[in-house]
Structure formats: structure tokens, C-alpha cells
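Read through the structure below, which is laid out as C-alpha cells, and then see the notes.
The values are calculated or read from the model by the stated rules, or taken from the named source; none is laboratory data. None of these values were measured; they are calculated from a predicted model. All Cβ positions, glycine included, derive from the backbone under ideal geometry; neighbour counts span all protein chains shown.
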Amino acid sequence: MFKEDRDTPRFQWKDLGDIEAGRPNLGSTTSVAVYRLMQYTLRDILIARYDPDTASEILREAGKLAGTEFCRNILKKDLDFNGFFADLQSQLKVFGVGIMRMEKSDLAGLEFVMTVSEDLDCSGLPLFEETVCEYDEGFIAGVLTVYTGKEFLVREIDCWASGERTCRFTARAIDREAA
Amino acid sequence: MNERDSHLLRELAQEVERVARGDFSPVRLSTVPSPEVAALADEISMLSDSLAETREFIFALSQGRLDVDPPPRNRLIAPFKQLQANLRHLTWQTQQIAAGDLNQRVDFMGEFSVAFNSLIQSLLEKRLAEEKLRYLSNHDPLTDLYNRGYFTEELERVERGRRFPVSIMMADLDGLKGVNDTLGHAAGDRLIRQAAQLIRHAVRGDDVVARMGGDEFAVILPNTDADTASKVCDRIRKGEAAFNLESSSYVIGISIGIDTVDRGGSLTEALKRADENMYREKFARKKKQESAGRPDS
Ligand SMILES: [Zn+2]
């Protein structure tokens, strides 16, 4: 079920398994270092095997799938936007993903500017001159797409890794209904 | 170190002092430096430039202008960027509050958070008090139905609207005085509440049911023709019968009158006609009861 060939993604939340039952002693959380170890070694091999842009694209798509499932299974989608956003904020905190805040929201035009500090992916990384949170870009796009039914373009404009302390994302609906 | 370098180092020390005073003009030396001193001069220049480019941003921030973006990739001002991000979020939160979202809370601005959150809390309490007041001004305290004032306003609103045909129902409780006199006012109140519940259950959620006073009720039924209105009446009758089968202390009897108007009709007139119909029914019911009570001759 995990390794058959496929053309479109199949992952579902339930594929995460019964973590509580599986780890009665170690529990359901792990260290941030282990998460980053996974992400940055994977990125390293993807770049070596393909190229930096392809690696970014793959991470972004995976993030989108994760955001989609997260929204479907964890978030309260029947609230108004502010209620939904408050729920998203608190769940990201509960799961230790980061502290999310809204800087601008245009509900009519479906455009948002939000920040994430203490980001799971990048806060504390050595500084390069580049943003690294493509996985987060995809994640946010996935969440917004499930809630609004519209495809979103999300880009990280500031990142800890680029020296900005806080990651800042712009999100904009693109003129396409979600698949 | 030769004489020239130590002279240049003294010059550089003065340049650093100048930068520390806030003068960020380019570093200038009186003679050509050795490569080592030149490297130091370059670093001081870069530091000076970094400081210079933060100046506009920090100045704007100090004035509350949050739209001025920080210089990119400048690591000297990280805490100020964090402050700007916090203030931008706070601005957004305040906009949401102004638009009516009182669930916003601040948890990142120290003592200000406490003050801000207590402000929201008092707005919330004020809103609840207003809602309660509005409820009280629109409702009858005994039955929780709408009161006469709200009913009259609603009658005008529906008359201006487009949900025709509209049926108006008047309902009057029979025998309240008797219950009050024999079983007391508490029992009378109970009877009124039970009749109110009966009517409420027979209509749709957005129909307007009001207690007009004493033992009198009125209902606005938008989008309801005469046939449908008489079905509502049947439902009340059924509820009445079911109640009377169960009740041992008293019976509910409700006289009902209905009138239906199409678009352009006056609802005030309809209300009057419904009232007349109700009295006709009351009279007929009384007659029937009297003849039922009279022994056959
Ligand atoms: Zn980042």
C-alpha cells in the first residue's frame, strides 16, 4: 500500500497509523532535529539526483499534500475565516509547527500576508542568502485550498535562513478552481 | 607596524567614533593604506553602510509607519523586524476587532497584551449586555415569544418585503380568567406558557409568533397561502387535543382567526380581519359549548 507505482498522490491522514498505540513508551512527539534531519537530507539527495529547482518543487508539492490532509483531518472548516484562521494558529502551535500570524487579509480578493516565527523548518538555521521553506509554502497553499476551494500561489518572501528572523508568506488565489 | 600604518589606525579609530555618533558618511583615509589596514577600513565601511540603511526603517518604525519594509538581509536589526511583524499583526487584529470579531487576543506584547485583552473583554461584556437588552425589548418575558412592539415593526417589514402571500393568525386563549380565579395566577401563567409553546411548535422557525398581551397571540406567516395557513391551524388543534388528553388540572382552548393577503395587500387590515374571524370563532365555540352543556329537550 505504500510502495505501489502511481501517477497521482495517494497519501491520506490515516496512513500515519495509530501512533499512540505504536509508541506506548516514546509517545507521539519527537525532536525537531530529527524532523530537520529528514527534510534536509532528503533535500540534499533530491538536489544531487535532480537539481535545486526540482528539489524545491518536490518539497512544495509534498507540503501541499500535507497541508491538504492536515486541513481535512485536523481543522474546523465550517467556521468563518477568522475563526478558521484562529483554529489554524492554535493547531500549528499544538503540533509545534510554528507561531503563525496574519498581517494582511483580503477576503474578497483572497490575498493574504502571514508570518511564521519559531518555524519548524528553518528557525535557527545557519544563514544563507535564500529562503528555504518551500515545504511550508505548499502546506499553506494546501490548507487554504481545502478551505476556500480555490488554488493558491504561496511564496515565502522572508525567511529565517535569509536573515529575517521571521518567515513571511504571501498567498494569492489563482484563477482556477481546486481539482 | 610601521609609522604610516599606526597613523592610519589612529585615523580609523576616529572614523569608528564618528560612525558611533551616527555619522555614516564613507570612511576616508589620508594616505593609501597597506592591504591589512585597507581590509579593516572596508569592514568598518560595510558596518557603517549596514547601519546607514537601517536608519530609515527604524525611524519609520518609531513613528508607527509599518509600511516601510526593512532593508533586506540586514542582520543588525533582527529584533526590530520582529517588532514590526508584531505590530503588523496587531494592526490586523485591531482591524478584525473593528469589524466585529471579538475573539482576537494578544499574547506577545507584555503588559500591553494584558491591557488590550481586558479592553476586548469589556467590549465583549458590553456586546452581551446590549444583546440581552435587545432581547428583552423584543420579547415577552413570560413566554419568550416576541412582544407587541416587535410584532408591529415586523408587520411593516414583511409588508414592504416580497414574501407574499402572507397569512396573519390571531389566537385567543379561552377560559384564562376562570383558571386565574379558581387555580390562581401561577396556574394562569402556566396555561399561557403552554399555549405559547403549542403555537410555537405548530409554525416554522422564521414565522413571527408574538404575545400581544394577556391571553392574545398573533402570528405572521410569510410565504403562506390560505390552505397552508389552515394546516397550521390544524396542527394547533392537534396539539391542543393532545395536551387536553394528558392534562388533569385544566384544558387549553384556543380560538383562531386567519386572513391571507397577496402582494400589495395591507397587513394591518389583514390583522383586523383575522381578529374579527377569531372573535367569530370564539363566539361559535361558546355557542357549541353551551348547547353541549344543555340537556336535550
Ligand atoms: Zn523560512
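Go through the residues of the range A:108-119 one by one and say whether even a single one is within 13 Å of chain B (Cβ to nearest Cβ), within 10 Å of the ligand (Cβ to nearest atom), within 19 Å of A:TYR35 (Cβ to Cβ) and surrounded by fewer than 22 Cβ atoms within 10 Å (Cβ to Cβ). Yes, because at least one residue in the range A:108-119 is within 13 Å of chain B (Cβ to nearest Cβ), within 10 Å of the ligand (Cβ to nearest atom), within 19 Å of A:TYR35 (Cβ to Cβ) and surrounded by fewer than 22 Cβ atoms within 10 Å (Cβ to Cβ). Scan the range B:55-72 for residues that are surrounded by 15 or more Cβ atoms within 10 Å (Cβ to Cβ) and at the interface with chain A (Cβ under 10 Å from one of its Cβ atoms) and the total you get is 2. If you filter the range A:124-164 down to residues that are more than 28 Å from A:LEU79 (Cβ to Cβ) and among the polar types (S, T, N, Q), you find that the one that is nearest to the ligand (Cβ to nearest atom) is A:THR131. None of A:VAL97, A:VAL113 is of a type in the set (A, V, I, L, M, F, W, C), touching an Asp or Glu at 6+ places or on another chain (Cβ under 6 Å), at pLDDT 90 or above and within 25 Å of B:LYS81 (Cα to Cα) except A:VAL113. For the range A:145-168, residues that are over 11 Å from the mean Cα position of the chain (by Cα) and away from chain B (no Cβ under 12 Å) total 11. Among residues that are touching a strand residue (DSSP E or B) at 6+ places or on another chain (Cβ under 8 Å), free of Cβ contacts under 8 Å to residues at least 40 places away in the same chain and either away from the ligand (no atom under 16 Å from the Cβ) or more than 26 Å from A:TRP13 (Cβ to Cβ) (or both), A:ILE99 is not included. Inside the range B:81-135, residues that are in a loop (DSSP other than H, G, I, E, B) and more than 16 Å from A:ARG101 (Cβ to Cβ) make up a count of 4. Kindly indicate whether A:THR54 is within 14 Å of the ligand (Cβ to nearest atom), more than 18 Å from A:TYR35 (Cβ to Cβ) and of a type outside the set (Gly, Ala, Ser). Taking the combined requirement at face value, the residue does not satisfy it.
Might you check whether a residue that is touching a residue at least 12 places away in the same chain (Cβ under 8 Å), within 14 Å of chain B (Cβ to nearest Cβ) and under 14 Å from the mean Cα position of the chain (by Cα) occurs anywhere in the range A:134-144?
no
Looking at this structure, is B:VAL27 within 14 Å of chain A (Cβ to nearest Cβ), surrounded by 14 or more Cβ atoms within 10 Å (Cβ to Cβ) and of a type in the set (Val, Ile, Thr)? Don't jump to the end; show me each part of the working.
Working: within 14 Å of chain A (Cβ to nearest Cβ): no; surrounded by 14 or more Cβ atoms within 10 Å (Cβ to Cβ): yes; of a type in the set (Val, Ile, Thr): yes.
No, not satisfied.
Results for (1) in contact with a Lys or Arg (Cβ under 8 Å, 6 or more places away or on another chain); (2) of a type in the set (Ser, Thr, Tyr), shown as yes or no for each residue.
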{"position": "A:TYR50", "(1), (2)": "no, yes"}
{"position": "A:CYS71", "(1), (2)": "yes, no"}
{"position": "A:GLY96", "(1), (2)": "no, no"}
{"position": "A:ALA108", "(1), (2)": "no, no"}
{"position": "A:PHE128", "(1), (2)": "no, no"}
{"position": "A:ILE157", "(1), (2)": "yes, no"}
{"position": "A:GLY163", "(1), (2)": "yes, no"}
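In this structure, is A:SER56 surrounded by 14 or more Cβ atoms within 10 Å (Cβ to Cβ) and polar (S, T, N, Q)? Yes; evaluated as a whole, the condition is true for this residue.
Filtered by the rule that a residue be of a type in the set (Lys, Arg), more than 13 Å from the ligand (Cβ to nearest atom) and modelled with pLDDT of 85 or more, the range A:165-179 gives a lone residue, A:ARG172. Listed by first and then second residue, the pairs linking a residue in the range B:86-115 that is more than 9 Å from every other protein chain (Cβ to nearest Cβ) to a residue that is of a type in the set (Val, Ile, Thr), with Cβ atoms under 6 Å apart and 6 or more places separating them unless they lie on different chains, are B:LEU102/B:ILE120; B:SER113/B:VAL106.
Applying the set (1) outside any loop (DSSP other than H, G, I, E, B); (2) more than 59 Å from the chain's Cα centre (by Cα) to B:ILE77 leaves exactly one unmet item: (2).
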